[in-house]
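So the structure is just underneath, and the comments pick up after that.
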Amino acid sequence: MVTFFTFSNFLILGINLATLGFYYVFYRLHFYRHTESFLQYTAVSFSVFSAGVALALQATILILNPYPSHEFKALILSASVEEVSKLLGIYMFFRKNQDEFTVTDGIFYGLVLGGGFGLFENILYFIESGLWSQVLRSITSLPIHMINGGLVGGFLMVFLFSGKNILRWIRLIYGLLICISVHAMYNYSLFIDTFLLLVLPFCILFLFFLLEITIAKSRILLPGYVLKLMNMTVEEYEIISRHNRHEGWIQNVQKHISTKNIRLFQIPNLRHIVITVFFIVPSVISSLILIVDPNIISRFFIDMEFKDYFALFIIYPAILGLMFFFGGVLNPYFFRDRMLAVPLFGSVDVRTSDSEENTALFHIYWNKFYIPISKLYADNTRADFDLWIGISPYISCKGTILWTKENEEGNCGAMCALDSIPLRFILEWNFVRLRQNLKNLFLRRHND
């Protein structure tokens, strides 16, 4: 107890609290200004629960494997156990009233839970390393925990709003594996004490930009209760949204309406630019000090290693500057309204027991797709589908017309699902889509 109450430990605790407050305010002002205090306190309490689960799992694993390698510690003992524990805590937080929330809610309260988890974890490392190493760990591991919590919260909400099939598990596990991989990379670099100057900015910036994309896409998704009223899963809503984008492109071309003004990036506001400069200037000054007179570092910062100085005073401020500059510049309407110069589409022949018609396919999510049709069908109508990509046919694919709906204009559309998706079709569809996207980049630049 005596060794804990030292000046350095109180300093590290203050740095952790300041770091947590900094990132909390950043994301609170960035995309989620209206919150309920009770829910935030509840999220913090579940972060304690998650930390307890992680400690229990780690203790159990250490009993089974008391001398783990650096690789095992980085990937299993730390990254996997901690991210799964956060996932469990976020699930417990949302499980009862999930339909009242949105994917954006999942991201924000996941950030809060991840921040609390990271704070409790850092407290456990107070007496395990030197002062400057503790400072570096505090200001880098905490945002990684926080951002991963936000990503896991977003992935989980999409999982909860998805249909009851294995694809939602694949989607959730895929997102979780990304968080685990980056976390493990960061931990491994700390354990072996090398490549940190390369790994640190990569991990933080990669997760930051992934979170920015997730936030932007979450803004165009509906709350759970709205999806239930529409009798629709989040995948089906995304499929219809993509279909509407393609139809909108056709209508805009016919009406000569341009969507060039819908840009992927928005102009950062003045506050973000000022704060960016505030962090970039110290990074530049620190670089100049290192170049002009490195002895100044040893005089002012006793026992500080070169890598710690470089990470703390050059790389980290530059990372913060980039985060503030790019925070919120992704335009969510780009993901909803902007269309490529020429979209990819295929042809579909639909045959039921008493009818047959030809229609167009704009987007397919694994085995589900949405198509315009001429009439309403009963739910779960069995059908045969002939899919065409250019002149390549995929004949007599068995499937189901899950449901059909009529819009305000009187046009009908059907959500369909194949019993099994031909692997060759998926490979060819994605190859043609990639090739078409590359062509669109050239066409857009030429037209713009």
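The values are calculated or read from the model by the stated rules, or taken from the named source; none is laboratory data. Since the structure is predicted, the reported quantities are computational estimates derived from the model, not experimental observations. Glycine gets a Cβ as well: all are built from the backbone with ideal geometry, and neighbour counts include every protein chain shown. With ligands, DNA and RNA removed, areas are computed over all heavy atoms of the protein, side chains included. Shrake-Rupley method; radii C 1.70, N 1.55, O 1.52, S 1.80 Å.
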Worksheet, complete the sentence: Residue pairs qualifying under the 8 Å Cβ cut-off, at least six apart or on distinct chains, with the first in region 214-242 being at positive phi and the second being surrounded by fewer than 20 Cβ atoms within 10 Å (Cβ to Cβ) and of a type in the set (Phe, Trp, Tyr), are Asn231/Trp403
Worksheet item: Only one of (1) open to solvent by less than 60 Å² (accessible area, probe 1.4 Å); (2) in a helix (DSSP H, G or I); (3) at pLDDT 85 or above fails for Pro372. Which number is that?
Response: (2)
Discussion item. So for region 233-247 (the condition being touching a His at 6+ places or on another chain (Cβ under 9 Å), among the β-branched types (Val, Ile, Thr) and within 30 Å of Leu75 (Cα to Cα)), does at least one residue qualify?
Written reply: no
Worksheet entry | Tally, over region 100-113, of residues that are of a type in the set (Asp, Glu) and surrounded by 19 or more Cβ atoms within 10 Å (Cβ to Cβ) | 1
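Across region 24-44, what is the total count of residues that are basic (Lys, Arg) and part of a helix (DSSP H, G or I)? I'd like the intermediate steps shown before the answer.
First, the residues of region 24-44 that are basic (Lys, Arg): 28, 33.
Cutting the leftovers down to part of a helix (DSSP H, G or I) gives us 28.
Adding up the residues that qualify gives 1.
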Fill in: Search result, residues across region 45-104 that are not in a helix (DSSP H, G or I) and not hydroxyl-bearing (Ser, Thr, Tyr)
Asn65, Pro66, Pro68, Arg95, Lys96, Asn97, Phe101
Fill in: Given (1) under 23 Å from Leu211 (Cβ atoms); (2) loosely packed, with under 14 Cβ neighbours inside 10 Å; (3) at pLDDT 90 or above; (4) not small (Gly, Ala, Ser), index of the condition Val44 fails
(2)
Discussion item. Of everything in region 272-297, what is open to solvent by less than 60 Å² (accessible area, probe 1.4 Å), β-branched (Val, Ile, Thr) and more than 31 Å from the chain's Cα centre (by Cα)? Give them in sequence order.
Written reply: Ile289, Ile296, Ile297
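Consider Ile144 carefully, then state whether it is surrounded by 18 or more Cβ atoms within 10 Å (Cβ to Cβ) and not basic (Lys, Arg).
Details: surrounded by 18 or more Cβ atoms within 10 Å (Cβ to Cβ): yes; not basic (Lys, Arg): yes.
Yes; evaluated as a whole, the condition is true for this residue.
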Practice prompt. Any chance you could count how many residues in region 70-99 are within 19 Å of the chain's Cα centre (by Cα), within 27 Å of Ile192 (Cβ to Cβ) and either among the small types (Gly, Ala, Ser) or open to solvent by 60 Å² or more (accessible area, probe 1.4 Å) (or both)?
Written response: 4
Practice prompt. Within region 298-327, work out how many residues are open to solvent by less than 30 Å² (accessible area, probe 1.4 Å) and in contact with a His (Cβ under 8 Å, 6 or more places away or on another chain).
Written response: 2
Item to complete: All but one of (1) under 23 Å from Ile240 (Cβ atoms); (2) modelled with pLDDT of 80 or more; (3) in a helix (DSSP H, G or I); (4) not polar (S, T, N, Q) hold for Arg433, so report the exception by its number.
Response: (2)
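Which of the following residues is surrounded by fewer than 17 Cβ atoms within 10 Å (Cβ to Cβ), closer than 27 Å to Arg171 by Cβ and modelled with pLDDT under 85: Leu423, Leu344, Leu438?
Details: Leu423 fails: modelled with pLDDT under 85; Leu344 fails: surrounded by fewer than 17 Cβ atoms within 10 Å (Cβ to Cβ).
Answer to the selection: Leu438.
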Item to complete: For Ala18, state whether it is open to solvent by less than 40 Å² (accessible area, probe 1.4 Å) and either part of a loop (DSSP other than H, G, I, E, B) or among the aliphatic types (A, V, I, L, M) (or both).
Response: no
